[in-house]
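First up is the structure itself, then whatever we jot down about it.
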Amino acid sequence: MRKIFSLLIVIVSISVSLNGQVVDHDPVMPAGWMKGATINLEQPGINGSIYLFDNWLEGTLVMKNGRVVDDIKINFAGENGDLVISRPYQGIPTEYQVIERDVTSVTTLALPGIPKRHFVNLPIDSIEAEGTGGFFYELLLDDKAALLKKTYKQFVRAKQTEAYANGANDAKYVLRTEYYIRPAGSSDFRAIRLNKKLISGALGASQSSKAKGLMKKNKWKWNKDEDIVQLLQALSN
């Protein structure tokens, strides 16, 4: 598993620095994207939606050349988390499947009741034990420790149930969530689920006892990612 601490720092510093400098806000879609071509990823006869978000989120893209594409709505589709954006084209709501290698990060806007979210495009094999290509991981924390969240829609095929049951199970899209943690002092990410045993194991013996004390003292929950972010920050201080 490759070391990516410096890569995360670069990505975050790019997005932060944009707040203090003039950037190239793109008034139109980049020419390499599928301008004017509506894509329809919904499939009849399948329960659920292929899209990650039920309601598309307003946000911005930061591209590798420094361009910022804004005034758009954002979503991700399918098991690969394909980035899809929506923006009117000639007055008609149009969806575009983005050439993801051109994009370094995606940030959704904070709205009443909707928190700001930041996704970074990272090589899968730098985070996970298997896989190629890239994925937009949600960056929950990038400090001395780091925490990434991977969410996607998995297609589950219909299958015949046992003989005594009627009909078949429906084909459907199921929401999947995975977490990857890099404790302070480590260069690699480990896959975890949000529970006490796995998080403690990932932290190691030197930090697990302190972590349990902090969780109890602050009444944090092992199954809430926002609480685990606070835990990792406390352990790094």
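The values are calculated or read from the model by the stated rules, or taken from the named source; none is laboratory data. It should be emphasised that the depicted structure is a prediction, and the values quoted were computed from it without experimental measurement. Reconstructed Cβ throughout: ideal geometry from the backbone, glycine too, with neighbour counts over all protein chains shown. The accessibility values were calculated without ligands, DNA or RNA, using every heavy atom of the protein model including side chains. Shrake-Rupley method; radii C 1.70, N 1.55, O 1.52, S 1.80 Å.
Would you point out which residue out of Lys219, Lys212 is surrounded by 13 or more Cβ atoms within 10 Å (Cβ to Cβ) and either at pLDDT 95 or above or closer than 23 Å to Ala129 by Cβ (or both)? Testing whether each residue is surrounded by 13 or more Cβ atoms within 10 Å (Cβ to Cβ) and either at pLDDT 95 or above or closer than 23 Å to Ala129 by Cβ (or both) leaves just Lys212. Scanning region 193-209 for residues that are at pLDDT below 95, over 14 Å from Ala145 (Cβ atoms) and open to solvent by 100 Å² or more (accessible area, probe 1.4 Å) turns up nothing.
Yes/no per residue for (1) modelled with pLDDT under 85; (2) more than 15 Å from Val62 (Cα to Cα):
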| position | (1), (2) |
| --- | --- |
| Ile92 | yes, yes |
| Leu109 | no, no |
| Gly131 | no, yes |
| Tyr137 | no, no |
| Phe155 | no, yes |
| Ala158 | yes, yes |
| Val174 | no, yes |
| Tyr179 | no, yes |
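Scanning region 76-124 for residues that are among the aromatic types (Phe, Trp, Tyr) and either open to solvent by 70 Å² or more (accessible area, probe 1.4 Å) or within 25 Å of Leu141 (Cα to Cα) (or both) returns Phe76, Tyr89, Phe119.
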